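Some notes on the structure that comes next.
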Amino acid sequence: MPAASLRALLAHSIDYAGMFPPCSLELEPALGKQARYVRSEDSWMLGAFVLAVGQFDAAKQILSQFDPQHPLRVSVLGPKTENAAAFGEALEETDEVIRSFSAHNVDLVSVVQLEMFLPHDVELALLREARPVIGNLPAFWEAPLDKAEQTIALLAEHNSDADTPTFGFKLRTGGVTADAFPTSQQIAKALVAPATHQVPIKFTAGLHHPIRQFRDEVKTKMHGFLNVLGAAILAAEHKWDAHQTSIMLQDENANSFSFDDEFFAWREWKIDIKRLKDRRKFVISFGSCSFDEPREDLRALNFL
C-alpha cells in the first residue's frame, strides 16, 4: 500500500494521452488501454483520457469497453487557432461537439475538462465571453513559455470575478526532441506565478519519469513528475521564489523525496496531508502518453 502522502500527491494526476507522441496509438487501442487502466489496482493515479475534439465521433462507436462503474472520463483537446476571432469560433464549435458527445451514452462518458491553446491576441474580454460558452467546465489554456506569466495574470484577473477559479494554465514541460524541453528556471517562473495568483495548473509532455534524469531518446534531461508536482505544491505552501523552486526541479536524487502517512517532504521542506490535498486543488494533473512507465519507475524506486 503506498504511503498516504504519495496517494495525495498523485491521486488522479496522470491524464492518459496515448494517442499523442511519442506513443501515437490509434484511437481503438488507446481506448482499450484506458479501459484496462480504469480497472487496475493503480486506477487511483489515473486522470482523464486526452481526446482531440476531432476524434469524438469515432470514439462514440467504440465505448463498449466502459461501464457505469468504469466510465470514460475525457479531457477535451480543442483545436489550435491563430487569432482571437478564430479562437471564438472554434470554442463554440468545440462546445457543440462536447454537448453532443456528453449526451451519447451518459452513463459511460463524462467530459471533465477542456485544454486549448490561447492565441497571442486573446484579451480579458474574450475570456469573459468564453465562460458562458463552456459553462462550468474547467478549462486549461496553453500559451508559449515566454507568455506564461502574462497569461497567468490574465487568468487570475478573470477568475477574480468567479466563485471558483475554473480557468487554469496549461504548461508544456517537454516533447520528443531536446529543444522542446524548457529549462528548470523557465518552469520555476511558470510555477511561482500560479501559486501566487491561485490559478490552477496542469502540465503536458515529457513527464514520463518520477525524477529528473538524462534520457538518451531525447538527448537531454527530462523533468521528473515528482519534481514538477512537488515543486508546484511546495512553492505555494512555503512561498518559494523561482530560484528555490528551480533547485527542486533540478534535483536528480530520489532520496531527496520522502513519503509517509503524515507528510510529503523534499529535503528539509515538508507539507502535511491536509495541506497537500488543499494545494492539489490548484495542481491538477499531467498528460502522459504512457500510464505504464510512471508506475514502473515508481515501483523501481520503492515508492509503490
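A few notes on this one:
- Put THR245, THR183 in order of accessible area, highest first, and with a 1.4 Å probe you get THR183, THR245.
- Neighbours of MET248 by Cβ distance under 10 Å: Lys/Arg scored +1, Asp/Glu scored -1, total +1.
- Share of Cα-Cα pairs in the range 213-294 lying beyond 19 Å, as whole percent: 41
- Extension gain, ASP260 back to LEU63 (0.36 nm per residue minus Cα-Cα distance, nm): 67.1 nm
- Distant-in-sequence amide contacts of GLY18, defined by a placed amide H-H separation under 5 Å and a gap of 5 or more residues or a different chain, comprise VAL50.
- Qualifying GluC sites (Glu not before Pro) in the range 180-260, where qualification requires a DSSP coil assignment and no more than 12 other C-beta atoms within 10 Å, comprise GLU217, GLU252.
- Remark: the chain carries a charge dipole of roughly 680 debye about the Cα centre, counting +1 on each Lys and Arg Cβ and -1 on each Asp and Glu Cβ.
- Difference of contour (0.36 nm per residue) and Cα-Cα distance, GLU252 to HIS238: 2.9 nm
- Whole-angstrom gap from the range 61-106 to the range 144-203, using each part's C-alpha centre: 23
- For the chain, complete DSSP H runs whose alpha carbons reach 24 Å or more along their own long axis and whose mean Kyte-Doolittle score is -0.5 or higher are 84-103.
- Label point of THR177 set 7 angstrom out along Cα-Cβ; within the range 10-24, amide nitrogens under 16 Å from it belong to 21-22.
- The portion of the accessible surface of the chain made up by carbon and sulfur, rounded to a whole percent, is 49 (1.4 Å probe; DNA, RNA and ligands excluded).
- Considering only the chain, percent of DSSP beta bridges that pair antiparallel, nearest 5: 25
- Every Cα-Cα pair of the range 167-304 was included, and the share exceeding 19 Å stands at 47 percent.
- Here is the list for the range 99-157: GluC sites (Glu not before Pro) lying in DSSP coil, each with at most 12 other C-beta atoms within 10 angstrom of its C-beta, are GLU123.
- ARG295 exposes around 30 Å² of accessible area when a 1.4 Å probe is run over every protein chain in place.
The values are calculated or read from the model by the stated rules, or taken from the named source; none is laboratory data. Remember, it's a predicted structure, so these values are computed and weren't measured experimentally. Note: ideal-geometry Cβ built from the backbone for every residue, glycine included; neighbour counts use all protein chains shown. Accessible surface is based on the protein model in full, side chains and every heavy atom, while ligands, DNA and RNA are left aside. Shrake-Rupley method; radii C 1.70, N 1.55, O 1.52, S 1.80 Å.
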